[in-house]
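**Student:** Pasting in a structure now, in structure tokens, and then I'll have a few things to ask.
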Amino acid sequence: MQLYIANKLYSSWSLRPWLLMTALGIPFEETVIPMYFPDTKGRMLDVSPTGKMPCLVDGEIRVWESLAIVEYLHETHPGKGVWPADAAARAHARATSAEMHAGFQALRNACPMNLGKRFQPRDLGNDVADNVRRFQGMVSDCRRRFGAGGDFLYGTFSAADAMYAPLATRLDTYQIELAPQTRAYIDAILAHPAFLKWRTEALAEPWGITHYEDGWVSAETFHTATILTGHPRAGA
């Protein structure tokens, strides 16, 4: 299988399937298409009909949405533990993962992923604070109900943790105050060998993007970037 991704330093959506496949030992090759170059949109459209990363190619099969990639991996590698084995935990994990895919917009937009920086805390505003409260409540609920036997949301590492890993990096990068249980979960993600491998490779990339390096991106900046490139996050 070939996984097409955007910049490892910044592309939160690309991190998700790469982290899952690496953590679970699912073999693949990768191709990085860096964002915000003149040929970026065309190169991404050559791979994915949406022109966004990530996209998984398996022979004649192309899967271009992160959650769809997760489900494809679950079907093609049923013994790898993509989702929790317990039916109740699996249903819950799918719901929380779908919530991540569609939600947490305020936090995602205000705090772009940048694995090479740590920014001083500042007032996030009510919408971002609401996102943080929801995340902390979700972590508490998952750990209490399904977390026995490991440090992750459903005990052992699964697709749900891969989906939330970029949000975990944001909370660390922007030094957002967290409850001890949430902080412990963040630390488990950041210490996972697969994540450490991704971060090492991200820090070695030669490409820099100014509005990611500045941190704390305003809605206006993201709107302008979308108009100019069509890739505010270059991911799906």
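**Student:** Could you please give the count of residues in region 91-115 that are of a type in the set (Lys, Arg) and either closer than 28 Å to Thr200 by Cα or assigned to a loop (DSSP other than H, G, I, E, B) (or both)? If you could, list the steps in order and put the result at the bottom.
**Tutor:** First pass over region 91-115, keeping only residues of a type in the set (Lys, Arg): 94, 108.
Those left that are additionally either closer than 28 Å to Thr200 by Cα or assigned to a loop (DSSP other than H, G, I, E, B) (or both): 108.
So the count comes out to 1.
**Student:** To continue, here is another question. Residue check, Asp172 against (1) loosely packed, with under 15 Cβ neighbours inside 10 Å; (2) modelled with pLDDT of 95 or more; (3) within 15 Å of Cys111 (Cβ to Cβ); (4) among the acidic types (Asp, Glu), all met but one. Which one?
**Tutor:** (1)
**Student:** Taking the options Ile26, Ile69, name whichever one is closer than 21 Å to Trp198 by Cα, part of a loop (DSSP other than H, G, I, E, B), of a type in the set (Val, Ile, Thr) and not assigned by TED's automatic domain parsing to the domain that holds Arg134.
**Tutor:** Working: Ile69 fails: part of a loop (DSSP other than H, G, I, E, B).
Testing whether each residue is closer than 21 Å to Trp198 by Cα, part of a loop (DSSP other than H, G, I, E, B), of a type in the set (Val, Ile, Thr) and not assigned by TED's automatic domain parsing to the domain that holds Arg134 leaves just Ile26.
**Student:** A further question follows. Within region 147-166, take every residue that is in contact (Cβ under 8 Å) with a residue 40 or more places away in the chain and surrounded by fewer than 22 Cβ atoms within 10 Å (Cβ to Cβ) and give me the one that is farthest from Val70 (Cα to Cα).
**Tutor:** Gly155
**Student:** Mind listing whichever residues of region 38-60 are outside any strand (DSSP E or B) and either touching a residue at least 24 places away in the same chain (Cβ under 8 Å) or within 24 Å of Ala160 (Cα to Cα) (or both)? Please lay out each step first, then the result.
**Tutor:** Let us first name the residues in region 38-60 that are outside any strand (DSSP E or B), namely 38-52, 54, 59-60.
Thr40, Lys41, Met44, Val47, Ser48, Thr50, Gly51, Lys52, Pro54 - these are the residues of region 38-60 that are outside any strand (DSSP E or B) and either touching a residue at least 24 places away in the same chain (Cβ under 8 Å) or within 24 Å of Ala160 (Cα to Cα) (or both).
**Student:** Looking only at region 177-217, filter to residues that are exposed (fewer than 15 other Cβ atoms within 10 Å of the Cβ), in contact with a helix residue (DSSP H, G or I) (Cβ under 7 Å, 6 or more places away or on another chain) and assigned to a loop (DSSP other than H, G, I, E, B); which one of those is modelled with the lowest pLDDT?
**Tutor:** Among them, the one singled out is Trp216.
**Student:** I've got another one for you. For residues that are surrounded by fewer than 20 Cβ atoms within 10 Å (Cβ to Cβ) and part of a helix (DSSP H, G or I), tally how many sit in region 116-130. Step through it out loud before you land on a result.
**Tutor:** Taking region 116-130 as the starting set, the residues that turn out to be surrounded by fewer than 20 Cβ atoms within 10 Å (Cβ to Cβ) are 116-127, 129-130.
Those still in the list that are part of a helix (DSSP H, G or I) too: 126-127, 129-130.
So the count comes out to 4.
**Student:** Okay, moving on. Working only within region 139-163, note down all residues that are in contact with a Ser or Thr (Cβ under 8 Å, 6 or more places away or on another chain) and in a helix (DSSP H, G or I). Break it down into steps so the answer makes sense when it comes.
**Tutor:** At the first step, the residues of region 139-163 found to be in contact with a Ser or Thr (Cβ under 8 Å, 6 or more places away or on another chain) are 139-140, 142, 149-150, 152-153, 159-160, 163.
Result: Val139, Ser140, Cys142, Ala159, Ala160, Met163.
The values are calculated or read from the model by the stated rules, or taken from the named source; none is laboratory data. Source: prediction; values computed, not measured. Neighbour counts are summed over all protein chains in view; Cβ atoms, including those assigned to glycine, are modelled from backbone coordinates with ideal geometry.
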